[in-house]
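The values are calculated or read from the model by the stated rules, or taken from the named source; none is laboratory data. Because the structure is predicted, anything quoted here is derived from the model rather than measured. Virtual Cβ from ideal backbone geometry, glycine too; neighbours counted across all protein chains shown. Remember, those area values only see protein heavy atoms, side chains included, never the ligands or the DNA or RNA. Shrake-Rupley method; radii C 1.70, N 1.55, O 1.52, S 1.80 Å.
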Amino acid sequence: MARRIIIDTDPGQDDALAMLLAFGASDQLDLLGITCVAGNVPLELTTRNALLICELAGRTDVPVFAGCDRPMVRDLVTAEDVHGKTGLDGPDWDAPTMELQTRHAVDWLVDTLLTADDGEITLCPVGPLTNVAMALVREPAIAPKIAEIVLMGGGYFKGGNITPAAEFNSYVDPHAADVVYRSGIPIVAMPLDVTHEALMPKAWIASIGALGTDVGSKTEAMLSFYERYDLEHYGDAGGPLHDPATIAYLLSPELYSGKHVYVAIETQSELTMGMTVVDWWGAKRNEPNCMWMTEVDAEGFFALIYEALAKLPA
Ligand code: BDR
Ligand code: CA
């Protein structure tokens with residue numbers, strides 16, 4: 001039976017790839033809906049971008065909801081320097097014609113989870129954790145309904161990418177990350193530690209363009225735009241493709257390895273705000289709250305995405 005999932009997202013080109021990977025694997029993943037949050041760009045654009053990606057994949061049947069337009073406590077920080085002004089710079093896009101759902105994403109999350117069986121639904125947040133944390137705060141009874149939270153965020157061994165200490169998603173809403181990490185729900189984290197172990201080969205990006213479909217050419221244009229920032233920052237080896245790691249793990253968990261650890265979020269210090277403090281050696285003897293991934297079979301990861309995109313309609 002296909003695994004029932006919800007993607008919570010702030011597209012973002014790498015968010016778009018997470019969605020496309022899930023669409024291409026619809027025989028294994030039953031995507032119940034997409035909830036959008038402010039992050040890479042403001043909410044109005046992340047919702048527009050989610051609609052564009054559904055349309056690109058021919059999946060206008062998947063409901064898209066707008067959620068929180070700012071973090072729980074702090075002001076919104078965005079990342080146009082990475083993703084461009086629209087968040088999805090690269091290809092030319094027409095305005096989406098698919099309609100956004102009218103309900104607030106947090107309301108839909110709460111209702112959908114409340115009516116589910118225990119452990120029925122897996123959440124895949126690939127942006128700041130605001131929507132997920134708000135839903136948990138509003139209705140704690142949803143917690144047992146969630147099988148696990150497979151998220152992209154954080155960084156420990158490889159430090160941060162928005163500050164020396166913090167990764168973007170946990171920096172933008174550290175209070176939400178704190179709620180999620182203290183929720184008791186099983187968490188699988190795809191931090192920078194693992195996403196920087198799979199850098200996009202140029203030939204792989206070109207092979208996606210060569211698929212000859214609209215999905216292929218738009219994806220090539222998105223990734224070529226997206227990777228220019230990383231190449232400037234991290235050198236010529238290629239840019240990491242963060243968010244699809246969550247979906248790749250659901251499809252092929254054997255690609256990944258890591259360790260069960262206790263993770264706490266810094267919410268006080270401006271210097272290290274949003275840092276994911278990983279107790280790798282169990283120094284505090286806390287019960288682990290997270291599977292923290294550090295290694296990936298990069299070749300397998302890129303092959304998986306290629307195969308999924310190749311299945312999407314022309
Ligand atoms: C994360 O931040 C965003 O810019 C990406 O979409 C990804 O979710 C990487 O730090
Ligand atoms: Ca993202």
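Packing, as the average of other Cβ atoms within 10 Å across residues, places the peptides 299-308, 71-80 in the order 299-308, 71-80, highest first.
Taking only protein heavy atoms into account and a 1.4 Å probe, give the accessible area per residue of the stretch 1-87 in Å².
Averaged over the residues of the stretch 1-87, the accessible area is 32 Å².
Once C-alpha pairs closer than 8 Å and six or more residues apart are averaged by separation and normalised to the residue number of the chain, the relative contact order reads 20 percent. In the chain, the alpha-carbon atoms span a convex hull of 119 Å³ per residue. Ligands, DNA and RNA left out, the accessible area of the chain computed with a 1.4 Å probe is 51% carbon and sulfur. Ranked by the mean number of other Cβ atoms within 10 Å of their residues, highest first, the peptides 215-224, 126-135, 87-96 come out as 126-135, 215-224, 87-96. Name the aspartates and glutamates eligible as straight-distance cross-link partners of LYS284: C-alpha to C-alpha under 18 Å, and not fewer than 8 places from it in the same chain. Result set, ordered by chain and number: ASP178, GLU266. Among the listed pairs LYS259/LYS311; LYS158/LYS218; LYS85/LYS218, those whose Cα-Cα separation exceeds 28 Å are LYS259/LYS311; LYS158/LYS218.
Might you tell me the accessible area per residue for the stretch 260-314, computed with a 1.4 Å probe and given in Å²?
Accessible area per residue, the stretch 260-314: 57 Å².
Distance between the C-alpha centers of the stretch 152-224 and the stretch 1-36? Whole Å please. Answer, in whole Å: 14.
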